[in-house]
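K.L.:
What follows is a single structure, and I will ask about it in a moment.
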């Protein structure tokens with residue numbers, strides 16, 4: 001089936017898998033196909049796009065399964081598009097093996113997706129697409145919050161990560177481009193912004209600037225209409241004490257620190273090619289924790305080749321002692337093209353699974369402790385809507401928290417006059433913790 005610009009098919013279903021950086025690219029595709037009606041039901045859509053993730057084995061399998069499940073149930077004459085990182089990384093193999101897919105594209109053609117769909121044509125532009133202020137986006141999932149992509153690619157050489165092999169070297173947007181995009185989104189009603197990239201603290205280093213994020217913070221602080229901002233994905237070797245102090249002193253950026261550590265053992269950090277060593281990490285992490293009302297998030301990898309029982313126990317002890325507000329654990333996954341792939345000192349899968357479970361339990365305890373510490377305190381929150389738990393409970397999050405990943409607050413009482421408006425900032429007092437959900441009362 002070939003679409004025409006005069007009479008395009010009107011229904012579109014899009015699945016965005018993986019990280020928030022992927023979501024930004026999905027939103028660019030939505031803007032290119034905005035004449036289509038976006039629907040939740042893939043079985044009745046005329047065009048179905050799966051924006052895939054190719055980071056680790058579990059993400060790759062999720063992407064493949066999603067494509068195959070959609071194909072099993074889609075209507076005849078619909079067009080199934082496979083886009084994104086997995087499609088880019090394995091473009092030759094997938095085009096041969098996945099005959100169910102009508103259109104393949106990778107990470108270079110998000111802004112051309114309308115043309116590819118219209119012509120029912122696959123394409124892999126060599127250059128990685130990086131959004132600018134000139135690319136429109138259909139912001140999804142929120143009326144007040146938007147992600148802003150700082151850069152593409154990565155100059156790091158982590159032993160376990162294949163992303164630089166298909167995303168290339170660091171390529172930063174200009175500072176004026178970012179400022180203009182934020183200003184444009186403010187005009188559309190957005191006031192809460194999260195800045196993301198593969199290595200956010202390297203922003204503008206490809207332009208010869210070592211303090212790119214500090215420059216960004218200074219410029220965003222000047223923009224009227226920004227109520228809250230945060231940065232995800234700091235990298236140890238490019239994060240400085242000056243940057244932490246800049247965030248601490250910013251009137252717009254909340255004290256939110258997200259730096260994937262992956263490990264804490266000196267030998268493992270060296271093996272994983274992570275940053276400048278354990279002393280640097282301790283200094284940075286302690287500096288973050290010392291910031292008043294700071295919120296610290298990280299990720300870890302267990303079972304990387306060479307990880308001894310002593311290394312793992314050191315990691316467990318550090319997590320217990322530091323008490324991260326939030327953390328995620330990933331099981332090591334062998335990835336072609338990485339230096340870890342060819343190592344011979346692999347950890348048996350059974351032990352990897354055991355360590356992941358132990359670390360997950362420890363992280364659950366530190367998360368619970370972080371939540372308990374909120375009881376009796378007041379915070380700025382944003383009400384998102386009715387909760388899925390009960391129609392009389394409102395779903396909200398702290399303005400400090402990142403959307404979707406840091407938790408949900410149930411608002412079950414209100415001390416102010418008038419109806420609570422969704423997408424608006426209020427002050428709430430946290431009254432209790434039920435399971436992993438905080439309950440709160442709006443007081444202002």
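The values are calculated or read from the model by the stated rules, or taken from the named source; none is laboratory data. All values derive from a computational prediction rather than experimental measurement. Positions of Cβ are generated from backbone atoms using ideal geometry, with glycine treated the same way; all protein chains shown enter the neighbour counts.
K.L.:
Looking at (1) assigned to a loop (DSSP other than H, G, I, E, B); (2) in contact with a strand residue (DSSP E or B) (Cβ under 9 Å, 6 or more places away or on another chain); (3) at pLDDT 95 or above, which is the only condition residue 410 fails?
P.N.:
All conditions are met except number (1).
K.L.:
A further question on this structure: Find the helices (runs of 4 or more DSSP H) located wholly in the range 62-179 whose residues include 1 or more that are under 25 Å from residue 192 (Cα atoms), and list them.
P.N.:
In the range 62-179, no matching helices (runs of 4 or more DSSP H) lie anywhere.
K.L.:
Considering 269, 234, which residue is touching a strand residue (DSSP E or B) at 6+ places or on another chain (Cβ under 9 Å) and part of a helix (DSSP H, G or I)?
P.N.:
Testing whether each residue is touching a strand residue (DSSP E or B) at 6+ places or on another chain (Cβ under 9 Å) and part of a helix (DSSP H, G or I) leaves just 269.
K.L.:
Further, regarding this structure: Please work out if residue 210 is touching a helix residue (DSSP H, G or I) at 6+ places or on another chain (Cβ under 9 Å) and modelled with pLDDT under 95.
P.N.:
yes
K.L.:
Moving to a separate point now. Within the range 29-41, is there a residue that is under 19 Å from the mean Cα position of the chain (by Cα) and surrounded by fewer than 19 Cβ atoms within 10 Å (Cβ to Cβ)?
P.N.:
No: the range 29-41 contains no residue that is under 19 Å from the mean Cα position of the chain (by Cα) and surrounded by fewer than 19 Cβ atoms within 10 Å (Cβ to Cβ).
K.L.:
Given the residues 372, 350, which is the only one that is closer than 30 Å to residue 164 by Cα, modelled with pLDDT of 95 or more and loosely packed, with under 14 Cβ neighbours inside 10 Å?
P.N.:
350
K.L.:
Another question about this same structure. Return yes or no: is residue 120 over 27 Å from the mean Cα position of the chain (by Cα) and closer than 18 Å to residue 166 by Cβ?
P.N.:
No, not satisfied.
K.L.:
Being at pLDDT 95 or above, surrounded by fewer than 20 Cβ atoms within 10 Å (Cβ to Cβ) and either within 23 Å of residue 140 (Cβ to Cβ) or within 23 Å of the chain's Cα centre (by Cα) (or both) narrows it down to one of 400, 433, so name that one.
P.N.:
Going through 400, 433 in turn, just one is at pLDDT 95 or above, surrounded by fewer than 20 Cβ atoms within 10 Å (Cβ to Cβ) and either within 23 Å of residue 140 (Cβ to Cβ) or within 23 Å of the chain's Cα centre (by Cα) (or both): 400.
K.L.:
Among 396, 402, 428, 374, which is touching a residue at least 24 places away in the same chain (Cβ under 8 Å) and closer than 28 Å to residue 55 by Cβ?
P.N.:
None of the other options fit; the residue is 402.
K.L.:
Could you say which residue among 115, 128, 107, 138 is without any contact (Cβ under 8 Å) to a residue 12 or more places away in the chain and not assigned by TED's automatic domain parsing to the domain that holds residue 342?
P.N.:
Sole residue among the options that is without any contact (Cβ under 8 Å) to a residue 12 or more places away in the chain and not assigned by TED's automatic domain parsing to the domain that holds residue 342: 115.
Okay, residues lined up against (1) over 19 Å from residue 134 (Cβ atoms); (2) modelled with pLDDT under 95:
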| site | (1), (2) |
| --- | --- |
| 5 | yes, yes |
| 8 | yes, yes |
| 15 | yes, no |
| 31 | no, no |
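K.L.:
Out of curiosity, is residue 365 in the same structural domain as residue 312 (by TED's automatic domain parsing) and either under 23 Å from residue 55 (Cβ atoms) or in a loop (DSSP other than H, G, I, E, B) (or both)?
P.N.:
no
K.L.:
Among 274, 289, which is in contact with a strand residue (DSSP E or B) (Cβ under 7 Å, 6 or more places away or on another chain), closer than 30 Å to residue 148 by Cα, part of a helix (DSSP H, G or I) and in contact (Cβ under 8 Å) with a residue 12 or more places away in the chain?
P.N.:
289
K.L.:
Scan the range 183-195 and give yes if some residue there is at pLDDT 95 or above, surrounded by fewer than 20 Cβ atoms within 10 Å (Cβ to Cβ) and under 30 Å from residue 263 (Cα atoms), otherwise no.
P.N.:
Looking for residues that are at pLDDT 95 or above, surrounded by fewer than 20 Cβ atoms within 10 Å (Cβ to Cβ) and under 30 Å from residue 263 (Cα atoms), one finds at least one in the range 183-195, hence yes.
K.L.:
Which condition does residue 389 not pass, out of (1) at pLDDT below 95; (2) part of a strand (DSSP E or B), if it passes all the others?
P.N.:
Every listed condition holds for residue 389 apart from (2).
K.L.:
Looking at 314, 279, 336, which one is assigned by TED's automatic domain parsing to the domain that holds residue 162, farther than 24 Å from residue 200 by Cα and either assigned to a strand (DSSP E or B) or at pLDDT below 95 (or both)?
P.N.:
336
K.L.:
Of all residues in the range 214-231 being in contact with a strand residue (DSSP E or B) (Cβ under 8 Å, 6 or more places away or on another chain) and in contact (Cβ under 8 Å) with a residue 40 or more places away in the chain, which is surrounded by the most Cβ atoms within 10 Å (Cβ to Cβ)?
P.N.:
Checked the range 214-231; the qualifying residue surrounded by the most Cβ atoms within 10 Å (Cβ to Cβ) is 216.
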